[in-house]
């Protein structure tokens, strides 16, 4: 991976479907110093088997005696999509209120896809890099090392 240049006052969003960090570079491109601005944790998203109590149903075909099963709703997955949407809305507010000039997005591929769909054009126009990694469980100094080599 090439060394990422993070400008002074650039914002770095690190997230997945359950947790997100908004960091700001108080340093410069050469000496990055990320500071936590905001933390989001989805505490209301237990696994699907804890959320749904019914077994998947089945349906009858209108022609013939065939039956087919109906897949169970993945509540956990739906909550992850909702979390990405909520975080994207908050990030839009941050971008507008703090007049963010540069934004770096770091998320695993699936979360990155959800975020891309949810980002407002104002946010998209500030994104200077997207990195498909899950760094949410890492401390900030480790995130700096991963991003800046």
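For the stretch 46-61, the condition holds for no residue, the condition being that it is under 20 Å from residue 136 (Cα atoms), within 18 Å of the chain's Cα centre (by Cα) and either surrounded by 14 or more Cβ atoms within 10 Å (Cβ to Cβ) or modelled with pLDDT of 65 or more (or both). Go through the residues of the stretch 77-93 one by one and say whether even a single one is under 30 Å from residue 125 (Cβ atoms), modelled with pLDDT of 60 or more and either over 14 Å from the mean Cα position of the chain (by Cα) or assigned to a strand (DSSP E or B) (or both). Yes, that holds for at least one residue.
For the stretch 7-26, name all the residues that are in a loop (DSSP other than H, G, I, E, B) and modelled with pLDDT under 95.
The first filter runs over the stretch 7-26 and keeps only residues in a loop (DSSP other than H, G, I, E, B), leaving 7-10, 16-18, 26.
Matches in the stretch 7-26: 16, 17, 18.
Considering only residues in the stretch 105-131 that are farther than 20 Å from residue 86 by Cβ and in contact with a strand residue (DSSP E or B) (Cβ under 8 Å, 6 or more places away or on another chain), the one that is surrounded by the most Cβ atoms within 10 Å (Cβ to Cβ) turns out to be 131.
The values are calculated or read from the model by the stated rules, or taken from the named source; none is laboratory data. Here the structure is a predicted model, which means the values were calculated and not measured. For neighbour counting, all protein chains shown are included, and Cβ atoms are generated from backbone atoms with ideal geometry for every residue, glycine included.
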